[in-house]
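Below you'll find the structure, written out as structure tokens, and then a few comments.
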Amino acid sequence: MPSYETPAALADVCTPPAPPHSQSPTIAAVLSPAPSPPPNWATRVWPDERLLWSWGTWHPGEVRTAQCAQVRVVAVGQCLADDATMRQDLQRTVKDGCWERLTYWPGAYLLIVLPPDGGLTAYTDPAGQFPLYYAQYDGRTALSTRAGTAAALSGTSGQADSTVLAAHIVCPGVPELTEGRTAFAGVRQLGGGQALRVEPSGALQRWTYEDLKPDPDARFVDSAAQLRSALTRAVRLRSSGALRITSDFSGGMDSTSLAFLTARTTGRPLDAFVYHYPDGAAGDLEHALAYAAQASSIRLAVVQGNETALPYSDMHHQGPTDQPDPAAVIGARLRLRLERISQGGRSIHLTGEGGDALLAPPPSYLGDVAATVGLRRLLRDAGALARMRQLSPWKVGLRALRLTHTSVQKAMRDLAGQLEEPLQHPAQWTDAVAWWPAPGPETAWLTTKARRHLAEQAQECSRSAGTASAPTTAGHRAALCELRNSAAVQAQFAEAGRPFGIWPQAPFLDSEVVRACTRLALPCKADPFAAKPLLAAALTELVPGPVLQRKTKGDYSAEDYRGARRSAAQIKERLARSPLADLGIIEPSRVITSLDRAAAGLPIPFPALNRLLGVDMWLASRDSGKSQP
């Protein structure tokens with residue numbers, strides 16, 4: 001990555017003082033009838049501009065600015081364009097008014113444009129890795145890169161939104177239930193590919209500038225070439241700077257491919273890392289060792305897991321987060337990995353996050369096949385996928401055909417009924433051949449009142465679903481949902497790396513890579529007999545063939561069960577005094593019953609348990625006064 005200097009206006013921001021309890025840097029603005037002084041720890045982004053404030057310790061190059069004809073722009077995140085390109089593009093845009101052009105710089109970033117009229121326009125990256133939060137209260141409009149800051153600066157109560165928290169636990173695949181809302185009541189999120197215009201008066205206009213809909217004329221060979229170009233550029237720009245580069249190397253296609261690309265680009269030895277817990281092996285280590293042996297430039301380090309790094313260990317040591325973090329329960333494992341990576345010094349650390357969302361079509365793509373390709377292809381794909389999972393091919397095929405005749409509105413009405421009467425059996429793969437998977441037995445963890453309220457939300461959504469901006473197919477919608485989730489996971493991981501001097505970055509979430517992958521329709525990049533054929537075609541001859549041919553993924557469920565048994569007493573104690581119960585969201589005894597099932601080795605919905613505990617930890621940190629402003 002190019003070594004960019006932090007803007008002069010941020011020189012003081014890169015050293016203490018920082019706001020209380022905050023390690024995360026923040027940019028914020030307040031528009032109100034009366035001028036608002038910045039917090040005493042803040043610095044103006046530009047010395048002569050009053051609207052944008054900044055504080056905290058930024059990575060070098062994490063905040064980029066440009067100015068032309070009284071128009072100023074700031075890119076927050078990973079903008080990899082050089083200074084000359086930023087100036088030239090801004091000059092051209094000031095003349096023709098095509099502001100979306102500035103979202104096409106390499107990398108991924110939140111773009112904030114300040115015209116001379118005193119208003120503000122913001123564009124999030126297409127994946128949604130760098131959102132913007134905003135709130136309005138009592139004539140004030142506050143915007144920030146952190147939801148908690150938007151709540152505090154707007155003067156809202158800062159109370160938790162119990163509906164959002166309940167939906168987050170049991171319906172993460174249906175963001176439409178709480179569209180745009182956050183865990184803070186009254187604070188909204190500008191998500192992936194969206195733009196927001198704030199007038200000087202505080203009036204808001206929000207729209208989608210990048211819907212990532214497939215191009216019906218896109219061809220596989222062209223998309224593969226575009227992906228090859230985008231990924232190699234993403235790696236080259238990051239590798240050309242002065243910062244040390246490290247990489248995950250799980251043995252899976254995504255991170256391992258990036259590591260080989262990086263080593264090939266730099267021509268220098270690359271420190272790569274694979275996590276391995278000997279008493280519950282996930283199956284990744286043998287692949288990682290075999291692949292690393294094919295290149296002397298890969299220096300593979302094994303991060304050895306232990307009992308104290310199991311899931312649910314030391315949850316009380318987890319630092320506060322801006323939004324609930326489902327990965328908080330594996331915080332001990334993340335800290336172990338980050339500590340090992342940081343032993344070699346500060347670095348940009350590459351991860352494969354986003355690869356699955358972009359390149360491995362969700363089960364609902366079968367509905368797209370049935371609707372757009374034809375019965376013969378459906379029988380082929382449904383039959384192959386069913387046999388892999390020992391399911392009935394006819395059942396899978398019929399479910400896909402049924403999906404083509406199911407509207408979003410009906411799916412929402414069905415969801416309302418499923419929330420009223422939760423399923424008793426664990427979710428199955430075929431449940432995902434739908435607009436979204438039906439909520440599983442974890443729905444019974446909610447109180448009756450919470451379930452009924454979510455059901456009412458679903459009924460309300462059924463009356464407003466199906467707008468012109470909605471995804472065109474169930475498969476496209478599910479893929480976008482997975483992309484947004486991956487972006488959120490990566491954003492949380494990036495924050496976790498700050499105290500260690502590690503800057504995790506995910507080239508697959510770069511805007512250019514996202515656009516290259518999503519422009520191709522799902523049936524065109526899906527093949528039951530090959531894992532991620534688009535990636536394999538894009539990186540042929542750049543990455544060893546065995547890496548691109550691996551069809552399996554690591555399975556870390558053994559650690560989940562072992563960790564749940566080891567920490568069962570601590571989890572039960574936490575659940576017994578959970579703020580979620582005080583808010584009327586969960587019945588702790590029902591969750592504890594599921595936990596006892598896990599201790600006995602029986603199936604339970606671990607992802608839902610992780611989300612619940614992540615919310616509980618977020619609420620507890622706020623109650624204890626540790627939440628970040």
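May I ask you to say which residue of L338, L334 is over 15 Å from the mean Cα position of the chain (by Cα) and under 27 Å from Y133 (Cα atoms)? Before you say what the answer is, go through the steps one by one.
Values: L338 fails: under 27 Å from Y133 (Cα atoms).
The conditions single out L334.
Selection over the stretch 216-235 of residues that are buried (at least 17 other Cβ atoms within 10 Å of the Cβ) and of a type in the set (K, R) gives a count of 2.
Just give me the residues in the stretch 157-168 being outside any loop (DSSP other than H, G, I, E, B), over 16 Å from the mean Cα position of the chain (by Cα) and more than 16 Å from A411 (Cβ to Cβ), in sequence order. Result: A160, S162, T163, V164, L165, A166.
Identify, from the list A122, A152, A69, the residue that is crowded, with 21+ Cβ neighbours inside 10 Å, of a type in the set (G, A, S) and at pLDDT below 95.
Values: A122 fails: at pLDDT below 95; A69 fails: crowded, with 21+ Cβ neighbours inside 10 Å.
Answer to the check: A152.
Selection within the stretch 38-66: residues that are of a type in the set (A, V, I, L, M) and touching a helix residue (DSSP H, G or I) at 6+ places or on another chain (Cβ under 9 Å). The member of this set that is surrounded by the fewest Cβ atoms within 10 Å (Cβ to Cβ) is A66. When the residues of the stretch 351-374 are filtered to those that are touching an Asp or Glu at 6+ places or on another chain (Cβ under 7 Å) and among the aliphatic types (A, V, I, L, M), the one that is nearest to T430 (Cα to Cα) is L366. Close Cβ contacts (under 8 Å, 6 or more residues apart or on different chains) running from residues in the stretch 229-245 that are under 8 Å from T265 (Cβ atoms) to residues that are modelled with pLDDT under 95 comprise T232/T265; V235/T265; R236/T265; S239/M1; S239/T265; S239/T266.
Looking at L446, L454, L483, can you tell me which residue is buried (at least 22 other Cβ atoms within 10 Å of the Cβ), at pLDDT 95 or above and farther than 30 Å from G584 by Cα? Walk me through it before giving the result.
Details: L446 fails: farther than 30 Å from G584 by Cα; L454 fails: farther than 30 Å from G584 by Cα.
Of L446, L454, L483, the one residue that is buried (at least 22 other Cβ atoms within 10 Å of the Cβ), at pLDDT 95 or above and farther than 30 Å from G584 by Cα is L483.
Evaluation of I298 against the conditions (1) closer than 30 Å to V235 by Cα; (2) surrounded by 22 or more Cβ atoms within 10 Å (Cβ to Cβ); (3) among the hydrophobic types (A, V, I, L, M, F, W, C) shows that the sole unmet condition is (2).
Within the stretch 407-428, the set of residues being in a loop (DSSP other than H, G, I, E, B), without any contact (Cβ under 8 Å) to a residue 60 or more places away in the chain and within 20 Å of Y365 (Cβ to Cβ) comprises S407, Q428. Taking the numbered list (1) free of Cβ contacts under 8 Å to residues at least 40 places away in the same chain; (2) part of a helix (DSSP H, G or I); (3) more than 22 Å from the chain's Cα centre (by Cα) in turn, V221 passes all entries but (1).
The values are calculated or read from the model by the stated rules, or taken from the named source; none is laboratory data. Values in this document were obtained by computation on a predicted structure and should not be read as measured data. Because the Cβ atoms are built from the backbone with ideal geometry, glycine has one as well, and the counts that use them run over all protein chains shown.
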